[in-house]
Amino acid sequence: MLAKYFDHFGEFGDLYGQALRETGIMVGYALAISTVIGLFFGVVLVVTRRDHILPNVVVYQVLNVIINILRSLPFIILMVAIIPITKWIVGTSIGIKGAIVPLVVYTAPYIARLMESALLEVDRGVIEAFQAMGATRTQIITRVLLKEARPALILGLTIGTIGLIGASAMAGVVGAGGLGDVAIRYGYQRWKPEVMVTCVILLVLAVQLVQSLGTWIAKRLRKR
């Protein structure tokens with residue numbers, strides 16, 4: 001049984017390599033875009049609170065509701081629902097390009113919440129001290145909030161990346177490529193359990209790698 005499992009690598013080895021590359025591309029592009037968007041809106045959610053440096057109840061409430069709505073949608077439903085938008089942005093709703101848009105829409109609000117939580121951990125006393133020294137709002141955001149919250153921000157991004165890897169696997173349902181696509185087309189539809197098992201193992205290893213790297217970076221930042 002074990003020998004049969006390892007023998008199938010001769011047939012599907014190149015396919016796994018291609019699937020890993022496709023998953024890496026999807027996750028890489030989606031993570032980069034989602035991080036920029038999520039960090040921006042995370043900062044906005046924090047500084048526009050009633051008792052923070054740039055209070056604006058309207059902006060906070062509107063953004064808060066939008067993020068809550070997007071976070072409540074399962075990825076599969078979201079991916080199908082925004083097909084017209086995906087086609088308008090990248091010209092297709094299938095393949096790697098077609099997966100990146102829904103992955104960003106799904107992940108950015110999640111990362112925004114994680115960034116918000118991380119930034120709220122910054123001691124208000126430090127913020128007030130910088131305000132007393134005449135620091136501008138921009139300086140407080142860049143030199144206090146983002147700098148002091150770096151370890152928590154990294155851990156938040158780690159969690160977001162892991163969620164993104166899982167979503168990229170689900171994108172295989174619509175032929176987006178990657179490990180999810182291989183698991184469905186070759187593992188499920190052709191009833192090859194060893195392919196599904198291998199895809200699961202590769203996804204687990206990817207998650208473990210991301211988690212270990214994120215934890216290591218966060219520890220290094222705390223020591224500085």
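We did not get these values from a lab; they are worked out from the coordinates using the rules stated. Quick caveat: nothing in here was measured; it's all calculated off a predicted structure. All Cβ positions, glycine included, derive from the backbone under ideal geometry; neighbour counts span all protein chains shown.
Just wondering, is there one or more residues in the range 115-132 that are closer than 28 Å to Thr86 by Cα and in contact with a Pro (Cβ under 9 Å, 6 or more places away or on another chain)? Looking through the range 115-132, none of the residues is closer than 28 Å to Thr86 by Cα and in contact with a Pro (Cβ under 9 Å, 6 or more places away or on another chain).
If the condition is being at positive phi and either under 17 Å from the mean Cα position of the chain (by Cα) or surrounded by 15 or more Cβ atoms within 10 Å (Cβ to Cβ) (or both), then the range 85-135 contributes only Gly95.
When Gly38 is tested against (1) among the small types (Gly, Ala, Ser); (2) buried (at least 17 other Cβ atoms within 10 Å of the Cβ); (3) over 30 Å from Ala135 (Cα atoms), exactly one condition is not met: (3).
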